[in-house]
Every structure is written in structure tokens, then in C-alpha cells.
Amino acid sequence: MKREERRAMILTAARKVFSEKGYHAAGVADIIDAAGVARGTFYLYFESKRAIFDELLGMLFHEIEGQIRRVEPEAGAEGSAEQMLANVGRVFDTLLRNRDLTRILLREAVGLDSGFDRKLDEFYTRLSGLIERSLRTGQEMGIVRDIDLRVAPLMILGALKQVLDHSLADPQSLPDAPALAREFLSIAVRGVVHPGTMAIPEGEGGGRR
């Protein structure tokens, strides 16, 4: 077996073990047993349980990044909205197809240690950055209004995490990924009140980035 194939086999085994036992309860011995390799072979590729989960997390984010396409302004407002919807739908689909990693990410990984917390912070910062860039592009195209780009990405990311967490806890309680994406984007874009029914007072200071 080639080196790359054996490494991929260990990653697949680790993912299965994490899914079945959870990150905390899983051990290197469990991964070795599932992969059918010697302990020394495992350590040729990964220095620890956390190192292998770091890689799985990186693979997940790489897949998420690959699902986000640039919104083309030539499509007009309606076409741009459909492109945004498609982006959100693909992100939801990716995270829900990777329920095992998403569950660990949302529920188990926080507080493992300062190094892992930094890793998670980097992950969420990158996600927030993707959202911010999408919003900024929308502003340049004239389809996103003047909002504070320090606040909006964090609010959207927080809502995304909560919806995903609920979906993981009770998959039947929410619609499938395409319908979930449409509802999420509808609320994120339009809010929850009818246009013109409520005015938000303008604040002083703060500014927008």
C-alpha cells in the first residue's frame, strides 16, 4: 500500500472513531484498531489524536471554501440573489453531510486546551472573513445595504452555528439543506419584519468599516 493511501486510511478510521465515540472518549488505540495498523505506523503520520483531528478540521474547511463561488454582478439583482442562495445551500449541505465533524466542532472541541481554542478561533475567523467578503462584494454591487461589516458577519456566523447545532440534535425538526438555506438567507437578508413597519433609530459613533 502506498504511503498516501495508508495515511488516508488512518484519517478515514479516525473520522469513524470520532463519529462513534466523540472526540473526548476516542483514543489513539481506537483509531489504530479501526485502521488495522501498528502504533508505530500511526505515529509515522500523526503525532497525536489532536493532530489528526486538526487535519480533519482543515479538510472540512477546505471543502467549505471550495463550495463558495464568486457572485457575478452581470446576473443582476435576481441572479445575484440566486447565486448567494446557492452558496449558502452548498455550505449547509457540506456541514450537514459532515455531521460527525460538525458535531464535534460545535459541541466538543471548545475548551480542550488553549492551543485547540486558538485553532477553533482561526477556523471561525476564516469563516467570518468569507462572510464579510461576500457582504462587501454585495455592497460594491449595490445589492447589500450600508451595514457594519464588523458586526454583521459575526451575527450571521452565530445564527449559522445555532441552526446547525439544532439540526444535529434533531435532524427531523428542520427542513432539508436547500430549504434551510433559503429560509436562512431570507431572514439574514430581509430580517423578520415587513418593510416599512419598523424604523431602527440611527445611532451615534461606531462607524462602519
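The C-beta contact set for segment 34-48 (first residue within 16 Å of Arg15 (Cβ to Cβ) and in the same structural domain as Arg15 (by TED's automatic domain parsing), second residue part of a helix (DSSP H, G or I) and hydroxyl-bearing (Ser, Thr, Tyr), distance under 8 angstrom, 6+ apart or interchain) comprises Ala35/Thr12.
Inspection of segment 87-95 identifies no residue that is among the hydrophobic types (A, V, I, L, M, F, W, C) and surrounded by fewer than 19 Cβ atoms within 10 Å (Cβ to Cβ). Does Ser134 satisfy being modelled with pLDDT under 80 and either in the same structural domain as Met84 (by TED's automatic domain parsing) or more than 15 Å from Leu96 (Cα to Cα) (or both)? Yes; evaluated as a whole, the condition is true for this residue. Residues that are hydrophobic (A, V, I, L, M, F, W, C) and touching a residue at least 60 places away in the same chain (Cβ under 8 Å) were ranked within segment 92-105; the one that is nearest to Ala25 (Cα to Cα) is Ile104.
Matching residues to (1) among the acidic types (Asp, Glu); (2) touching a helix residue (DSSP H, G or I) at 6+ places or on another chain (Cβ under 9 Å); (3) modelled with pLDDT of 85 or more:
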site: Arg126; (1), (2), (3): no, yes, no
site: Gly138; (1), (2), (3): no, yes, no
site: Met141; (1), (2), (3): no, yes, no
site: Leu149; (1), (2), (3): no, yes, yes
site: Pro153; (1), (2), (3): no, yes, yes
site: Asp170; (1), (2), (3): yes, no, no
site: Ala181; (1), (2), (3): no, yes, no
site: Gly191; (1), (2), (3): no, no, no
site: Gly203; (1), (2), (3): no, no, no
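Filtering segment 1-33 to residues that are surrounded by fewer than 18 Cβ atoms within 10 Å (Cβ to Cβ) and either touching a Lys or Arg at 6+ places or on another chain (Cβ under 9 Å) or in the same structural domain as Arg99 (by TED's automatic domain parsing) (or both) leaves Ser19, Gly22, Gly27, Val28, Ala29. Checking segment 67-84 against the condition returns a match, with at least one residue being assigned by TED's automatic domain parsing to the domain that holds Ile131 and of a type in the set (Val, Ile, Thr). Has segment 69-86 got any residue that is of a type in the set (Lys, Arg) and part of a helix (DSSP H, G or I)? No: zero hits. Would it be correct to say that Glu63 is touching a residue at least 24 places away in the same chain (Cβ under 8 Å) and of a type outside the set (Ser, Thr, Tyr)? It is true that Glu63 is touching a residue at least 24 places away in the same chain (Cβ under 8 Å) and of a type outside the set (Ser, Thr, Tyr). For the subset of segment 62-80 comprising residues that are buried (at least 17 other Cβ atoms within 10 Å of the Cβ) and not polar (S, T, N, Q), which member is modelled with the highest pLDDT? Looking at residues that are buried (at least 17 other Cβ atoms within 10 Å of the Cβ) and not polar (S, T, N, Q), I get Ile64.
The values are calculated or read from the model by the stated rules, or taken from the named source; none is laboratory data. What you see is a predicted model, and the numbers here were worked out from it, not measured in a lab. All Cβ positions, glycine included, derive from the backbone under ideal geometry; neighbour counts span all protein chains shown.
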